[in-house]
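Below is one structure, written out as structure tokens; comments come after it.
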Amino acid sequence: MRVGMTFWAMAAAALTVTGCGGPSEQPTPPPPAVEVATPERRDVTSYYHYTGNLESIASVEVRARVSGVLEEKHFEVSSPVDQGAKLFTIETAPYDVAIQAAEAAVQSAEAAVELATIERDQVQEAFDRNAANERELQKYITALKTAEAEKLSAEASLDDARLQRNYADVVAPISGRVSRELVDVGNLVGMGEPTLLTTVVQMDPIHVYVDVSERIVQEYLNRERNGSINADDAPPPPPIEIARSSDDPGSYPFHGMIDYVDNVVDESTGTLRVRGSIPNADGRLFPGLFVRARVPYDTIENAVLVREDALGASLTGKYVLVVDEKNIVQQRPVTLGEKTDDGYIVVTEGLDGSETYVTVGIQKARPGSPVTIREKSQDDGAPRLRPQSSSEKPAAPAEGEAQ
């Protein structure tokens, strides 16, 4: 009897425990935490964007203008040189000898002039005393003129000999950056043709060339005719900004001015060639580089801007995630305009500037679902939750946040 009662008591206790516990409940996940911002409003410059290439304003081939053995090289390859700096020396001995011979010829001609002058004067005196006839006088006058002409020829030959000697010292025709030697010292140069020795390229300033489409040319002319471009107020010449492929995408660190616009449109491409001059004192730009270029053409006043990294993309286009006063996310399609150097982009349609949009946590936010707004504290920079209205149910803290 005691054994039976114990069995039924244990069974009743087990049923009691099972009935009180019931199935376990899963906790509701908290809304994802995001950071938000309001669109900025400021004036933004609009640009025409192009791709272009750099060219030096002057590139000169340095050639041997006289013949002879190349004796010396006086420069370091790929180094800056000043105009007139000595680059090479071609053997000078033959030209020094030629100068000496020319100087001797000048001295001989000068002596001949002196002798002819004395003889002319003597005959002139005899003619004045009627001791010589006019024909004899004209003979000595002609002899003097011939001697003077031969002196001029000798002096010209001396100048030419000195010029040839100067050509033996090959100098930089312009200031710029010199290439390498194309002929080694010891080779014979200048025989039959002026041998190419090296090249010098002027690096500062440097030119950038871009091809402007016919559509943009017509647009610019139409805006000028409509009065939106005032030639009297526009600062001449127009500015141009460029960036290399290695520069940040939104950065245009090199600034210059447009100094040339072609006077005809290329029929084969429908473009107009435009050139800008860019200062390059530090030598960071090289001829032949492809660059990004932009030219300002208008100013958007009080434009609406959002952070470019806050944009999302769908099959229908770009959008931003807007958070309403109840912390509910809405997907707002937007039309975009000019990008700025500080990571923002102009919104031409879709926002009026009063909205609050998601900047951090876009991947976690879902349209139609609530989020927890996480803002940075003004004193210590620690994130804090934005207070909710009294009608909202307090959200549980996001994973990883303090209770």
Within the stretch 92-167: Cβ-based charge dipole about Cα centre, in debye rounded to nearest 20 (Lys, Arg +1; Asp, Glu -1): 160
Residue-span extension gain [residue 127 to residue 83] - 0.36 nm each, minus C-alpha spacing: 9.8 nm
Computed log₁₀ I(q)/I(0) - Debye formula, equal Cα scatterers, no solvent, the stretch 92-167, q 0.15, 0.22, 0.23 Å⁻¹: -0.58, -0.85, -0.90
Length released on extending from residue 118 to residue 290, taking residue separation times 0.36 nm less the Cα-Cα span: 54.5 nm
Efficiency of FRET from Cβ geometry, residue 309 and residue 215, R₀ 25 Å, rounded to 0.05: 0.20
Sites residue 318 and residue 65, calculated FRET efficiency, Cβ-Cβ separation with R0 56 Å, nearest 0.05: 0.30
Label point distance in nm, residue 152-residue 181, each placed 7 Å from Cα along Cα→Cβ: 4.3
Cα-based reach from residue 73 at 14 Å (exclusive), listing aspartates and glutamates while leaving out same-chain residues under 8 positions away: 91, 169, 181, 184
Label-point gap, in nm, between residue 260 and residue 72 - each point 7 angstrom along Cα→Cβ: 3.8
Computed FRET value (nearest 0.05) for residue 193 with residue 336, which takes r as the C-beta separation and R₀ as 56 Å: 0.40
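Each value in this text was obtained by applying a stated rule to the coordinates, not by laboratory testing. Bear in mind that the values here come from a model prediction, so they are computed numbers and not experimental data. Backbone-built Cβ (ideal geometry, glycine too); neighbour counts: all protein chains shown.
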